[in-house]
Amino acid sequence: MGLGREILRVFGWYSRGALPDAEVPEPRPTRVLEPVGPASETPSARGAFANHEPLPTETDVAMMRRALELAREAAGMGEVPVGAVVYETATGRVLAEGFNRRESDRDPTAHAELLAMREACRVKGDWRLDDCTVVVTLEPCPMCAGVIVNARVGRLVFGASDPRAGACGSLMSLTNDGRLNHRVVPVAGVLAEECGAVLRAFFASLRRSDRPAKPRG
């Protein structure tokens with residue numbers, strides 16, 4: 001038997017009948033493996049690996065407190081209380097602030113974070129905000145989420161979720177859509193209870209006589 005056939009015979013790299021003059025070994029019994037269930041996952045493993053949501057920094061929390069102050073200012077003007085801050089991520093320098101002015105400006109696009117981003121771009125002299133963090137008390141809507149993507153915002157931090165209009169995890173995940181040319185994973189739920197409380201108090205006041213008067217032109 002040639003060397004090549006000897007190798008094939010030893011390692012069994014042929015099927016029955018392929019080499020009629022070779023010694024065919026007896027077939028090995030087939031092992032039947034029991035089905036294996038899903039691996040168990042400890043709570044610590046779930047917390048460390050399953051949840052990849054980014055965590056807020058101390059600066060994020062401080063900026064959210066400032067955004068809450070702006071939201072309360074908006075409430076006093078009869079605006080839906082949402083506040084926003086844009087700061088340089090590396091230095092913590094505040095570039096712009098804003099709060100809802102839809103009623104005051106008679107402008108449907110006058111949302112807090114959009115106004116703050118617009119001002120931040122003016123201060124920087126650039127439409128790109130890739131080195132900035134946007135902090136807003138309420139989850140951005142589709143319009144504002146679109147601007148966040150188009151402005152190449154580096155980081156997004158928001159407080160309360162918006163189940164009716166939120167586009168950063170509630171209704172959709174526009175800022176983290178892999179089909180777009182820019183993505184930012186939001187840091188969600190920062191001071192969420194305080195942010196939500198300001199909104200609930202405002203809308204509760206709409207049903208009472210102490211409702212703030214809408215701005216008049």
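The values are calculated or read from the model by the stated rules, or taken from the named source; none is laboratory data. Every value quoted in this text rests on a predicted model; they were computed, and no experiment measured them. Using ideal geometry, Cβ is built from the backbone for each residue, glycine included, and neighbour counts are taken over all protein chains shown.
Any chance you could count how many residues in the stretch 190-209 are in a helix (DSSP H, G or I) and more than 26 Å from the chain's Cα centre (by Cα)?
5
Does R93 satisfy the condition of being loosely packed, with under 13 Cβ neighbours inside 10 Å, closer than 18 Å to E119 by Cα and either out of contact with any His (no Cβ under 6 Å at 6 or more places or on another chain) or modelled with pLDDT of 90 or more (or both)?
yes
Quick one: which of D130, D126 is among the acidic types (D, E), over 22 Å from the mean Cα position of the chain (by Cα) and over 16 Å from G83 (Cα atoms)?
Unique residue meeting the criteria: D126.
If I filter the stretch 178-189 down to residues being under 13 Å from the mean Cα position of the chain (by Cα) and surrounded by fewer than 19 Cβ atoms within 10 Å (Cβ to Cβ), which single residue comes out as farthest from G83 (Cα to Cα)?
Once the filter is applied, the top-ranked residue is G178.
In the stretch 55-90, what residues are surrounded by fewer than 22 Cβ atoms within 10 Å (Cβ to Cβ) and in a loop (DSSP other than H, G, I, E, B)?
Hits for the stretch 55-90 are L55, P56, T57, M77, G78, V80, T89, A90.
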